[in-house]
Amino acid sequence: MTAQPVSDPPAPAGRHPGPRPTRPGQWVLLVVGTLLTALGLAALVSGLVLAAAASAQQGGRYLSSPPDRHQTITYALVGPPAVLDLGEAEVSPVPFLNELGSVQVRVTAVDPGQELFVGVAASEDVDRYLDGVAHARMGAGTEAGDDAPDRVPGERAPGRPGNRTFWADSDQGPGTRELTLDLRSGSWTLVVMNADATRPVWADVQVGARSDLLGPVAGGQLICGLVGLAAGVPLLLLGAAGLGRDIGPGTPPRGTGPGAALAGAPSRDGAPAPPYPVRLTGLLDTGLSRWLWLVKWLLVIPHLIVLAVLWFALAVTTAAAGIVVLFTGRYPPSWFSFCVGVLRWSWRVGFYSYAALGTDRYPPFTPARADYPAELEVAYPERLSRGLVLVKWWLLAIPHLLVLGVLTGGSRWTSVSETDGSTTTTSWGPSLLGLLVLVAAVILLFTGRYRPELFALVVGINRWVNRVLAYVLLMRDEYPPFRLDQGPVEPPPREAAMPPAPADPPAPDRRDDRSGDPLGDQDPAR
């Protein structure tokens, strides 16, 4: 692809005119479309999950959790009270309650020879039965084998639980005992004991549930999700296109306009190789405040709220643009301008805050070009590969994503207990970029100066990040270079390697073979 001359070169970074106003109607379309799309996606995902759950219930099966092993040295394991208030639904016909849901409890004795008792009763009846009896509430302590944190002390020995008549439902015997409980209003408590009321109690407890209403609810969620997407996605795309036209009105023909010179292909004739077509600049301000960086996390909250909406819209717009590129090989110009605007806004906020701390000037609330020390431009491509759109955003970008994960992702490690294999400690460390910015902030706090070489390295990492972002977002086909171009502005084009000039041929030997005179024909006698 050959770059065409640019008639009006862009102004230097940080010297753009004031922000261009964007039409409020485009923002309304974008925000409403984003909300409808987000709600539609949430409803669609929840509908799919509920549909899968309803399918798993076919044949009367219950959706059960994995069995948890509980043990206590006391007389009983007691579950937390479950409070239900069905209101008017309880006076409805019984089939309605059966459709509403039921709960299944399966309890298996760890000792095959031990008979277990499992029962459910009103919480007040259980409290009276276990008053003065040592028992343990089911929790993390009883799962780990140390029931001390969950133990309720007592000196009295209880009577056999099977002899009591207050149980709403109960079962006892060896092996696995099972209870199926219909929903009823009240406060209910699960109790697991040995059938002979001895201690300790050691059992595997598994709880499951089912509801015949999952299928209808899943269908309603799926319909709502599809309606939300059908209404929200077009509004979102129209709003993004409108903002793109406001950001870059009158988009020049492909290969022309600001940044087009960056889009040329590398030369093969020894000419300078063009830079990467993503141009990021960040000019360090002088006189930075020593302490303002301590509260910038609070000051950027309004920007982060807006950027959350914009990045969601950017993801949807990129997916739609990828479909267009797949069939036409061209990126819609208005969507392209919108994506550049989101990246530009994000870079300004990052430059002001903790991606660089390069300025104390508050970022403008606009995705358009503005008079700000941090700017970003992406050259509009003449054409894009139809095939690369399927793989470059995930497969081809993996090497860069791994490197950037080291540069910008926090390190985490976990220590594991050697005795029982349980996870005990999880630690976190800052990323390289975060560590560099932290060092710069501490130096700024005590000296009032931002080290230029440190700033150049920070901007270089951010430049690499944004190059990869533009590639992943399908905006360019040129593979990002594996290099750290440091400094506040883009480096000049690198000179292509020139072949060494041939050495001058040796002077001919003009010696006369007959006379042996080295002067040859310069002899005046000849």
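None of the figures in this text is laboratory data; all of them are computed from the coordinates on show. Values in this document were obtained by computation on a predicted structure and should not be read as measured data. Here the Cβ positions follow ideal geometry from the backbone for every residue, glycine too, while neighbour counts run over all protein chains shown.
General observations
- Loop-resident sites, the stretch 445-488, for chymotrypsin sites (Phe, Trp or Tyr not before Pro), counting at most 10 other Cβ within 10 Å (DSSP): PHE482
- Options LEU407, TYR362, TRP347, ranked by Cα towards positive dipole end of the stretch 284-409, top entry (Cβ charges): LEU407
- The order of the peptides 306-312, 284-290 by mean Cβ neighbours within 10 Å, most packed first, is 306-312, 284-290.
- Viscosity 0.890 mPa s, 25 °C: Kirkwood-radius Stokes-Einstein D of the stretch 323-371 over Cα pairs, µm²/s: 200
- Amide H contacts under 5 Å for GLY145, placed H, 5+ residues apart: GLN71
- Estimated vicinal HN-Hα couplings, Hz - the stretch 377-384 in sequence order (Karplus 6.51, -1.76, 1.60; Gly, Pro = x): 9, 10, 5, 6, x, 5, 8, 10
- Mean Cβ neighbour count within 10 Å, used as a protection proxy, ranking 233-246, 377-390 highest first: 233-246, 377-390
- Radius 10 Å from Cβ of SER170, net charge of other residues (Lys, Arg +1; Asp, Glu -1): 0
- Euclidean distance between Cα centres, the stretch 152-217 to the stretch 435-470, Å: 61
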